[in-house]
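Here is the structure we will look at.
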Amino acid sequence: MGLVAVTDHAVERYGQRVRGSLDPRTEIAARVGRALAAGRVEVGERGARLVRDVENPSLVYVCVEDRPRGELIVVSLWEEGDAAVPRRFTDLLR
């Protein structure tokens with residue numbers, strides 16, 4: 001899998017759960033690429049791939065494969081345990 005695409009939802013979740021970044025879409029794609037290279041992939045529900053971050057192992061990216069295009073698409077993410085930004089703050093943004 002060579003190309004990693006990132007949805008708007010994943011970018012929003014990254015900003016809420018992890019941290020702000022000047023270019024979150026590129027940062028997510030790079031982090032997923034490193035995790036894939038390190039073999040940190042698990043099979044999820046409904047054909048999803050769960051990719052665990054190398055730098056922050058509690059961070060899990062939910063990905064689906066677009067086989068015709070040869071892309072792995074990051075559709076969401078979550079953080080196991082305590083998030084870097086507590087949920088009470090991110091829930092206020094809604």
- Distance from a point 7 Å along Cα→Cβ of Arg34 to each backbone N in the stretch 40-67: keep the residues under 20 Å and list them by number. 40-42, 50-63
- Given the C-alpha centroids of the stretch 1-23 and the stretch 29-73, what is the distance between them in whole angstrom? 12
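Report the full-extension gain for the segment Ser21 to Asn56: residue separation times 0.36 nm, less the Cα-Cα distance, to one decimal in nm. Intermediate results must be reported in sequence, preceding the final value.
Details: separation 35, 0.36 × 35 = 12.60 nm, distance 1.57 nm.
Working it through step by step, the gained length comes to 11.0 nm.
No lab work stands behind these numbers, since they all come straight from the coordinates. All figures in this text were calculated on a predicted structure; none of them were measured in a lab. Here Cβ is always computed from backbone atoms with ideal geometry, including for glycine, and neighbour counts include all displayed protein chains.
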